[in-house]
């Protein structure tokens, strides 16, 4: 039986093509790394020396620019009870530096009957067991442990967020808010 040289060349070429395809596929799958998942805001905070529990678990997205400016978006405005009741607006802005958040907007803390905006959050460098919250000219030292775990928060009813002391003095509070203040 005589062999056909053209048929033999075609078969050899086909085998080489299959071999090349198998080797290139195996090489590309073995060197390719799985797609990396973008870090969450809870991953980013510790990279800057801050505890991940500074924000509630209701974060839906965030942006962080190269200069440290960030915007965090929550599902809804909400509250968390730490040593003090803390209110988180739906949008939180600030500037992230190693060991601190400055130019902070969107977080308030209740002291007595007033809601005061938190301007800055910082930790000691080198790290200690304390975290500091600056509210106006007041600097409050708190135990860092309460901010190590990301907490769930309870949602504020629409339009029922806290009033700052300026808003409290400028505008008459609706009857429902006055009743809430009296019963608290």
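What the table below lists for this structure:
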item: Inter-residue pairs, beta-carbon under 6 Å, first at positive phi and in segment 35-58, second loosely packed, with under 15 Cβ neighbours inside 10 Å, 6+ apart; result: 49/98
item: Selection count where residues are free of Cβ contacts under 8 Å to residues at least 60 places away in the same chain and assigned to a strand (DSSP E or B), scope segment 77-119; result: 27
item: Scan of segment 80-89 for residues that are closer than 18 Å to residue 148 by Cβ and within 15 Å of the chain's Cα centre (by Cα), ordered by number; result: 88
item: Residue 122 being within 22 Å of the chain's Cα centre (by Cα), at pLDDT 95 or above and either surrounded by fewer than 14 Cβ atoms within 10 Å (Cβ to Cβ) or not in a strand (DSSP E or B) (or both); result: no
item: Subset of segment 90-113 that is modelled with pLDDT under 95 and exposed (fewer than 15 other Cβ atoms within 10 Å of the Cβ) - its residue that is nearest to the chain's Cα centre (by Cα); result: 111
item: Positions within segment 127-157 being part of a loop (DSSP other than H, G, I, E, B) and under 16 Å from residue 110 (Cα atoms), in sequence order; result: 136, 137, 153, 156
item: Some residue of segment 21-40 being farther than 17 Å from residue 144 by Cα and at pLDDT 90 or above; result: yes
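The values are calculated or read from the model by the stated rules, or taken from the named source; none is laboratory data. Only a predicted model underlies this, so the values are computations on that prediction, with no experimental measurement involved. Virtual Cβ from ideal backbone geometry, glycine too; neighbours counted across all protein chains shown.
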